[in-house]
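Asker: I am attaching a structure below and will ask some questions about it afterwards.
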Amino acid sequence: MRNTKNLTAPGSAGHEARERIVRRKRSRMAVEEAIWGYAFIAPVVLGLALFYTLPSIASLGFSLTKWDGLSTPTFIGLQNFADLMKDEQFLRSLVNTLAFTFISVPLSVFLATLLAVLLNAPIKGRPVYRMLYFIPVVTMPIASGMVWRWLFNSEFGFLNYLLGLVHLPQPNWLFDDTLALLSIILVSVWSSIGYNAVILLAGLQGISSTYYEAASLDGASAVRKFFHITVPLLSPSLFFVLVISLINSLQVFDLIFIMFGKDQTMLDATRTVVFGVWESGFKYFNMGYASAQAWILSVFMLLMTALQMYLQKKWVHYE
Amino acid sequence: MQLAAKTRRQPFAIHLLLLLGAIVMLLPFFWMLSTSLKSFGESMQIPPTFLPHEWHWENYIKVWEKIPFGSYFLNSVLVTLGRTAGQLVLCSLAAYGFARLQFPGKNILFFGILTVLMVPSQIVLIPSFFIMLKLGWLDTFYALIVPGIFSAFGTFLLRQFFLSLPKDLDEAAKIDGCSIFGIFWRIYLPLSKAALVSLAIFTILASWNDFFYPLIMTSSDTMRVLPVGIATFQGQHATDYPLLMAGAMMAALPMILLFVLLQRYFIEGIALTGMKA
């Protein structure tokens, strides 16, 4: 198309006509491309708008009302939020969620780092180990919860039987306030180690061996190498794993539901915010109250993710 | 000499640690399997038996008789297939649009997709219940499948992948007279098998194991999917552990098998994206 220059002198009538045709053809193609573009994206954009964006906005509206899901909602401003601040059950669920998150996430990431370092060693059978540790990740959480509830059973459970074999105390795991929460933490760590380890292992494999060789020449110890080479160079993967784990942990629901959902006596020691959302919404049909809880948790999630983004400058090294 | 011995001993220590860890990780599966084959009486024995004295394979059949396990299973299969097929088609179309086509408003619409990606599910659940109610979709496959075929995550994942392909492909194909849809269908899709397989695996996994959403959207026993079905089963037969374990085993096994068979794709997929659990 550039060749038009050679055929007709710039500024001549023929040139301008040609330019106009080219421009029109181009704009017709652009219009055609835009039509295709809209057609390609329309289903997803409309579907997401209807099933995700609209409900998110509606949820904010719900949280300002008192509504049982049937009658006309009454606007009550921030009353739900004020009530929640005085609701001991909700505050307990918030404390439980935070305790669960701040214990299970570091524990899982720590063990996963250890596992990834072991898997990164030049050993045979790495894919087999990786597979075994990953199986809990793909296991249906409801099924995992059922099995672990049975394992934790104080009388007939396998765990206490094993503890008895080595003469350790056999606690009543599921009926003690602290241990009940700890049980959920253990299940969550068990089911997330494999996923975290796979990401961290990929990060480890990206670290060039020249760093370690140089450090060895300088006579650095293994521990020193770990903290001065491995940790900084692994920090982007660690950061990713921490952000994802934190978001997932704050939303824990399935395990609470299956392990303690039917058990009113133990529920208060283990209830999480998302469990409260379900209970308020679908057991007591208090839609406004449930939505307000969902929003408080979401703001927590947002703040914590933002905090991590801010803190990453201090410890995450990007090459 | 000493050094050689040390490096030879090291792998042994590593294998030992990894093996011990793996035993701990697999213990729940051992206990699930072992319990599922015991008689009810034996499961309540103190001290517990490691392996069943008599192997009650019929427990697995009893589960199908006690609860409509076959119906739960079929529902789970249909929902999973529907969501996955829908996502693959719709997300790849949208992803190509966002990655390669020019049209007014593209950036703002893509920003809209990113905001959906960041909205936590607990916010969406309650209003979606009422949207389903309005549409008359509660307790139907529409509620279980339709919202699940639209995915911000899938669109984002495939768009990133399409952007990594060389743009010259489009130009070359255009010169050969290939239509826009033709470029997408005949050039981009065949080159993106890895990304499509990853998306399919994540969707299958998330959909099969999904609990909260189907819990609130279904009320009749005939519409229940597996996780909801076996949770209800536990509610009704809280102590019949052999049957509960057999049910849990059958519910969890398909994803475990899928993972064992397609391990490479799972691991590559995680490396490609980070999985949305």
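Asker: Keeping the other protein chains in place, figure out the carbon and sulfur percent of the accessible area of the range B:2-59, with a 1.4 Å probe.
Answerer: 74 percent
Asker: In peptide A:144-154, what is the residue-averaged number of other protein chain Cβ atoms found within 10 Å of each Cβ?
Answerer: That average works out to 6.
Asker: Across the residues of A:198-207, average count of Cβ atoms on other protein chains within 10 Å?
Answerer: Across the residues of A:198-207, the mean count of other-chain Cβ atoms within 10 Å is 2.
Asker: Now for a different question. Need one number: buried accessible surface between chains A and B, 1.4 Å probe, both sides summed, DNA, RNA and ligands left out, in Å² to 100.
Answerer: Buried area between the two chains comes out at roughly 8200 Å².
Asker: Follow-up. Can you give the helix-only mean residue ellipticity at 222 nm for the protein assembly as shown, where every DSSP H stretch with n ≥ 4 adds -39500 (n - 2.57) and the sum goes over all residues, rounded to the nearest 500 deg cm²/dmol? It would help to have the intermediate numbers written out before the result.
Answerer: Values: 30 runs with 436 residues, N = 596.
So the calculated ellipticity at 222 nm is -24000 deg cm²/dmol.
Asker: Shifting gears a bit: Could you work out the relative contact order of chain B? I mean the mean sequence separation of Cα pairs under 8 Å and 6+ apart, divided by the number of residues, in percent.
Answerer: On the way: 240 pairs, mean separation 83.7, N = 277.
Relative contact order for chain B comes out at 30 percent.
Asker: Still on this structure, please answer the following. Long-range amide H contacts for residue A:65: which residues qualify at under 5 Å (H placed 1.01 Å from N, peptide plane, sequence gap of 5 or more or a different chain)?
Answerer: HN-HN under 5 Å from residue A:65: A:76.
Asker: Under a point spin-label approximation (7 Å from Cα along Cα-to-Cβ), what is the residue B:232-residue B:130 distance to one decimal in nm?
Answerer: 2.6 nm
Asker: Which pairs break 25 Å Cα to Cα here: A:262/B:66; B:167/B:193; A:124/B:38; A:66/A:262; B:38/B:66?
Answerer: A:124/B:38; A:66/A:262
Asker: A further question follows. Could you point to the residue in A:247, A:179, A:265 farthest towards the positive end of the range A:170-269's charge dipole, with +1 and -1 charges on the Cβ of Lys/Arg and Asp/Glu respectively?
Answerer: Toward the positive end, the furthest listed residue is A:247.
Asker: Need one value for A:121-134: mean number of C-beta atoms belonging to other chains within 10 Å of its residues' C-beta atoms.
Answerer: Other-chain Cβ atoms within 10 Å of each residue's Cβ, averaged: 5.
Asker: What number do you get for the range B:66-273 when its Cα radius of gyration is normalised by 2.2 N^0.38 Å, N = residues?
Answerer: Working: Rg = 19.9 Å, N = 208, 2.2 N^0.38 = 16.7 Å.
The value comes to 1.19.
Asker: Which FRET efficiency value, to the nearest 0.05, is calculated for residue A:240 and residue A:102 with the Förster distance at 22 angstrom and r the Cβ-Cβ distance?
Answerer: 0.75
Asker: Here is a further query. In nm, to one decimal, how far is the residue B:24 label point from the residue A:220 one, both placed 7 Å along Cα→Cβ?
Answerer: Spacing of the two 7 Å Cα→Cβ label points: 2.8 nm.
Asker: Can you tell which of A:293, A:170, A:79 shows the greatest fluctuation in a Gaussian network model of chain A with Cα springs below 10 Å?
Answerer: In the Gaussian network model the winner is A:170.
Asker: Over the Cα atoms of the range A:79-315, what is the Rg over Rh ratio if Rh follows Kirkwood?
Answerer: Rounded to two decimals, Rg/Rh equals 1.04.
Asker: Anyone know which of B:83, B:186, B:159 comes out most mobile in the 10 Å Cα GNM of chain B?
Answerer: Its mean-square fluctuation being the largest, the pick is B:186.
Asker: For the range A:130-176 and the range B:234-252, what is the separation of their C-alpha centers, rounded to whole Å?
Answerer: So the separation of the two Cα centres works out to 15 Å.
Asker: Pull out the extension gain between residue A:88 and residue A:208, defined as 0.36 nm times the separation in residues minus the alpha carbon to alpha carbon distance; nm, one decimal.
Answerer: 38.0 nm is the gain from fully extending residue A:88 to residue A:208.
Asker: On the full set of protein chains, 1.4 Å probe, figure out the accessible area of residue B:268 and give it in Å² to the nearest 10.
Answerer: 90 Å²
Asker: Also, I was wondering about something else. Tell me, what ³J(HN,Hα) does each residue in the range A:74-81 have, in order and in whole Hz, if you take phi through Karplus 6.51 cos²θ - 1.76 cosθ + 1.60 with θ = phi - 60° and put x for Gly and Pro?
Answerer: Whole-Hz 3J(HN,Hα) from phi for the range A:74-81: 9, 6, 10, x, 8, 3, 4, 5.
Asker: Please give, to one decimal in nm, the separation of the simple spin-label points placed at residue A:32 and residue B:51, each 7 Å out from Cα toward the Cβ.
Answerer: 7.1 nm
Asker: Find, to one decimal place in angstroms, the Kirkwood hydrodynamic radius of the protein assembly as shown, where the mean of 1/r is taken over every pair of different Cα atoms and then inverted.
Answerer: In the protein assembly as shown this quantity evaluates to 26.8 Å.
Asker: Comparing A:70, A:267, A:60, which has the greatest mean-square fluctuation in the GNM of chain A with Cα pairs linked when under 10 Å apart?
Answerer: Between A:70, A:267, A:60, it is A:70 that shows the largest mean-square fluctuation.
Asker: Only counting protein heavy atoms at a 1.4 Å probe, give the residues of the range B:161-185, ordered by number, whose accessible area falls by 10 Å² or more when the other protein chains are present relative to the chain alone.
Answerer: By number: B:174, B:180, B:181.
Asker: So, one more: Relative contact order for chain A using alpha-carbon pairs under 8 Å, separation at least 6, rounded to a whole percent?
Answerer: Working: 314 pairs, mean separation 82.3, N = 319.
Relative contact order comes out at 26 percent.
Asker: Among A:300, B:51, A:31, whose Cα lies farthest out toward the positive end of the dipole of the protein assembly as shown, if unit charges sit on the beta carbon of Lys, Arg (+1) and Asp, Glu (-1)?
Answerer: A:31
Asker: May I ask you to compute the full-extension gain from residue B:264 to residue B:111, defined as 0.36 nm times their residue separation minus their alpha-carbon distance, rounded to one decimal in nm?
Answerer: Values: separation 153, 0.36 × 153 = 55.08 nm, distance 3.24 nm.
That pair, residue B:264 and residue B:111, stretches by 51.8 nm at full extension.
Asker: Less than 15 Å from a label point 7 Å out along the Cα-to-Cβ axis of residue B:239: which backbone N atoms in the range B:13-44 qualify, by residue?
Answerer: B:40-44
Asker: Expressed as a whole percentage, what fraction of the accessible surface of chain A belongs to carbon and sulfur atoms when a 1.4 Å probe is rolled over the protein heavy atoms?
Answerer: Carbon and sulfur atoms account for 67 percent of the accessible area of chain A.
Asker: Work out from phi, with θ = phi - 60° and the Karplus expression 6.51 cos²θ - 1.76 cosθ + 1.60, the ³J(HN,Hα) of each residue of the range A:203-216, listed in order in whole Hz, and give x for Gly and Pro.
Answerer: x, 4, 5, x, 7, 5, 5, 4, 4, 5, 4, 4, 5, 4
Asker: Can you find, among A:104, A:60, A:15, the residue sitting farthest towards the positive end of the charge dipole of the protein assembly as shown, where Lys and Arg contribute +1 and Asp and Glu -1 at Cβ?
Answerer: Positive-most Cα among the choices belongs to A:15.
Asker: Right, something else. So if R0 is 56 Å, what FRET efficiency would residue B:181 and residue A:175 give, r being the distance between their Cβ atoms, rounded to the nearest 0.05?
Answerer: Result of the calculation: an efficiency of 0.35.
The values are calculated or read from the model by the stated rules, or taken from the named source; none is laboratory data. Bear in mind that the values here come from a model prediction, so they are computed numbers and not experimental data. Cβ sites come from the backbone with ideal geometry, for glycine too, and all protein chains shown count toward neighbours. Just the protein is used for accessible areas: all its heavy atoms, side chains included, with ligands, DNA and RNA removed. Shrake-Rupley method; radii C 1.70, N 1.55, O 1.52, S 1.80 Å.
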